Amino acid sequence: MRERSPAPRAPLVFHPSAPRSAPTTPALVHALLLGTAAGGGFPQWNCWCPTCRAARADPVVARPRTQSSLAVSPDGERWFLCNASPDVRAQLDHIPRRPATPDGMRHVPFDGILLTDAELDHSLGIALLREGRTLHLWATSAVARTLTDDSRILPVTRAFATVHLAELPLHRATELRDASGARTGLEVEAFAVPGDAPRFASAERPGHTVGLVFHDRDTGSRCAYVPGCGALDDALLERLSLADLLLFDGTFWTDDELIRLGIGDRGASAMGHLPISGPRGSLALLAPLPCRRKVYTHINNTNPILLESSPERAVVEGAGFAVGMDGMRFVV
Ligand code: MLT
Ligand code: MN
Ligand code: ZN
C-alpha cells in the first residue's frame with residue numbers, strides 16, 4: 001500500500017490563478033478550484049469567529065473564499081462542474097468562455113455537473129443555473145433521491161430547464177461525454193466515503209456522500225476530489241494513494257472546533273468531516289501518500305489554516321499540503 005511504480009508521469013503544472021484563455025496542453029486532467037470554503041463561505045455572513053474577523057479586517061491576513069466547488073476538464077476547453085454551489089454565478093468567471101455560436105445568443109460554459117453529495121452548499125447552484133435550459137447532471141442514486149424527494153432541487157430546476165440525469169455508479173468507472181454527446185477520454189469513478197447524510201435527507205442511503213476520481217485514459221493521470229470525508233481506512237488510503245493530485249476535505253482543524261467556539265454542539269467527525277490535526281487526523285494519515293500534489297479544500301470559516309501566517313497553516317504546508325484557494329488551477 002502507498003507504493004507506486006515510478007512510471008514516467010506527465011508534468012504537473014500549477015497556475016496560482018486561472019489564465020483567461022485555454023492552454024494548449026494535450027489531453028490531461030485539468031482541475032480548477034472554483035470555491036474552497038465550506039458551506040457559508042469565508043468570511044461567513046453572520047460569523048464573527050476569530051478567522052472571519054481577521055478576513056473582514058484585512059483580506060491579506062486571510063483571503064476570502066467562495067463555497068466548495070471544482071471544475072475538471074480533459075482539455076482546458078470542455079469543463080465539468082463538481083458540485084454547484086450557491087456562488088456558482090461568480091465562480092463561472094474562472095472558466096474560460098467560448099463565445100456563443102453564430103446562430104445562438106446563449107452559451108453554457110460547462111458540459112455537465114457531477115455531485116459528491118446533496119448538501120445545500122453543493123447543490124443549491126443547480127437551481128441557480130436554471131437559465132441554462134438544458135443541464136447534464138451525474139449523481140449517485142442516493143444523491144438523486146435526496147435532490148428529488150427531500151430538497152426538491154431537481155423538480156424545482158426541472159420547472160425551468162431540461163435536466164438529463166445520469167447515474168454515477170459506485171466503484172465503476174464511466175467515461176464522461178460532453179454536452180454534444182462526444183467522448184472526452186476522461187473517466188470518472190465515484191466511491192462511497194464515510195460521512196453524514198444531509199440533515200434533511202429522509203433516509204441514509206448508500207452513496208449519499210462520495211469521492212470522485214478522474215482518470216485520463218491516454219496519460220493515466222488521476223485527480224481525486226473528496227470535499228467531504230468522515231474517516232480514512234486502509235482501503236480508502238490505498239485508493240487515494242494512486243492520485244497524482246489529491247483535493248481533500250479540509251473542513252476542520254480539530255474535532256471540537258465548533259464546540260470550543262460555542263458555535264455548534266457536534267464534533268467534526270460526527271458531522272462527516274475528519275479533522276486535519278491529531279494523530280488520527282487527515283494530515284497524519286495522508287502525508288505518507290506519494291501523490292504529487294495534495295490540497296485541502298471545503299475549508300470551514302473557523303479553521304485557522306485560513307490565516308496566511310498561522311502556526312496551523314505552517315504545519316499543513318510543512319507536511320507538503322497546499323491550502324486551497326479559489327482560482328487555483330492544476331494540470332496533471
Ligand atoms: C457539510 O459539509 O457538512 C454540509 O455542507 C453542512 C452544511 O453546511 O449544512
Ligand atoms: Mn459542505
Ligand atoms: Zn467564522
## Note on the structure
Okay, helices (runs of 4 or more DSSP H) sitting entirely in region 220-332 with 1 or more residues that are in contact (Cβ under 8 Å) with a residue 24 or more places away in the chain and in contact with a Gly (Cβ under 7 Å, 6 or more places away or on another chain), I get 257-260
### Query
Could you say which residue among GLY195, GLY230, GLY211 is within 16 Å of ligand 1 (Cβ to nearest atom), surrounded by fewer than 20 Cβ atoms within 10 Å (Cβ to Cβ) and closer than 30 Å to SER277 by Cα?
GLY230
### Task
Please identify the pairs in which a residue from region 117-132 that is without any contact (Cβ under 8 Å) to a residue 40 or more places away in the chain and away from ligand 3 (no atom under 16 Å from the Cβ) has its Cβ atom under 7 Å from the Cβ atom of a residue that is in a helix (DSSP H, G or I) and hydroxyl-bearing (Ser, Thr, Tyr), counting only partners at least 6 apart or on another chain.
ALA127/THR157; ARG130/THR157
### Query
Any idea which of ALA243, ALA268, ALA287 is over 23 Å from THR51 (Cβ atoms) and surrounded by 18 or more Cβ atoms within 10 Å (Cβ to Cβ)?
ALA243
### Query
With respect to ARG78, is the statement that it is away from ligand 1 (no atom under 16 Å from the Cβ), surrounded by 21 or more Cβ atoms within 10 Å (Cβ to Cβ) and touching a residue at least 40 places away in the same chain (Cβ under 8 Å) true?
yes
### Summary
Reported set for region 111-132 where residues are surrounded by 24 or more Cβ atoms within 10 Å (Cβ to Cβ) and within 16 Å of ligand 1 (Cβ to nearest atom) is LEU115, THR116, ASP117, ALA118, GLU119, ASP121, HIS122, SER123, GLY125, ILE126
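Every number here is computed from the coordinates shown, using simple stated rules; none is lab data. In this text, all values refer to a predicted model and were calculated from it rather than measured experimentally. As a convention, Cβ positions derive from the backbone with ideal geometry for all residues, glycine included, and neighbour counts pool all protein chains shown.
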